[in-house]
Amino acid sequence: MIVRALFYGLLLWLLYRLVKGLGPRRPERRRTAPGTAVRGGDLVQDPQCGVYIPVEDAVKGPGGTRFCSEACRDAYRSRKS
Ligand SMILES: [Zn+2]
């Protein structure tokens, strides 16, 4: 009976997963989803490309504006003038 074989295969796989999962495993938490606050800092919006960046990572622009990169700052600056 092929269904029974599949069932036992699944059972074995579940057991394997259970045994593997017994050790203390820390989940990877390296990724931060876009749009979520990181490091508890304030997010500012880049007026050039519209992306949100944490204040401490932002590039300072003229008039207290913040940018995600120097390229954006320069583009914004040249657009203004
Ligand atoms: Zn930008």
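Within 11 Å, Cβ to Cβ, of residue 53, how many net charges do the neighbouring residues add up to if Lys/Arg are +1 and Asp/Glu are -1?
Details: positive: 66; negative: 42, 46, 56, 57.
Neighbour charge sum, excluding residue 53 itself: -3.
For the ranges 55-68, 7-20, what's the packing order if you count other beta-carbon atoms within 10 Å of each residue, average per peptide, and put the highest first? Working shown, then result.
On the way: 55-68: 14.9, 7-20: 9.8.
Ranked from most to least packed, the peptides come out as 55-68, 7-20.
Sorted from fewest to most neighbouring beta carbons within 10 Å, what does the list 2, 53 look like?
2, 53
Bear in mind that the values in this text are calculations on the coordinates, not laboratory data. Since the model is a prediction, treat every value here as computed from it, not as a measurement. Cβ atoms come from the backbone with ideal geometry, glycine included; neighbour counts cover every protein chain shown.
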